[in-house]
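These notes concern the structure reproduced below.
The values are calculated or read from the model by the stated rules, or taken from the named source; none is laboratory data. Just so we're clear, the structure is a prediction, and the values are computed from it rather than from any experiment. A quick note on method: Cβ atoms are made from the backbone with ideal geometry, for glycine too, and the neighbour counts reach across all protein chains shown.
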Amino acid sequence: MPNTTPSTCVGPRGKPRRAYPDRSSADDGASHVLSVYGKRMVPYRCTQCGSWHLCPTDRHTPSYYSNTCSKQVYKSEDAALRRARILEQERGTRLRVYICPYGEGWHLTSSGRAG
């Protein structure tokens with residue numbers, strides 16, 4: 001099993017996320033999970049703790065924080081819609097997606113209007 005570092009992040013079930021110090025270690029972790037458990041995982045860099053974590057491929061919704069809009073940006077409408085569905089299931093929060101007025105991608109909102 002690859003080396004991991006302590007994580008300050010928790011997953012949807014309240015357990016600490018396994019943290020990897022770099023992409024290579026996270027790739028090794030994803031390979032390990034696939035070979036041992038048969039589950040496909042995608043490494044991603046955490047915007048909260050800076051470490052690398054693994055995400056099941058069906059939950060992976062690439063995004064980044066935009067300084068222009070001060071919001072999370074999803075690269076595609078599909079990714080934003082998937083994240084909205086995941087958050088609704090986990091938190092019961094109904095969200096809708098809208099296109100970024102600065103052309104950076106897609107955002108989520110819980111309000112009746114974008115912005």
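Just a few scattered comments:
- Those residues of the stretch 77-114 which are within 30 Å of residue 38 (Cβ to Cβ) and surrounded by fewer than 14 Cβ atoms within 10 Å (Cβ to Cβ), in sequence order: 78, 85, 88, 89, 90, 91
- Within the option set 51, 63, being small (Gly, Ala, Ser), modelled with pLDDT under 90, within 19 Å of residue 12 (Cα to Cα) and surrounded by 12 or more Cβ atoms within 10 Å (Cβ to Cβ) holds for one residue only, 63.
- Residue check, residue 61 within 13 Å of the chain's Cα centre (by Cα), within 29 Å of residue 111 (Cβ to Cβ) and in a loop (DSSP other than H, G, I, E, B): yes
- If only residues of the stretch 4-48 that are polar (S, T, N, Q) and modelled with pLDDT of 95 or more are counted, the one that is surrounded by the fewest Cβ atoms within 10 Å (Cβ to Cβ) is 35.
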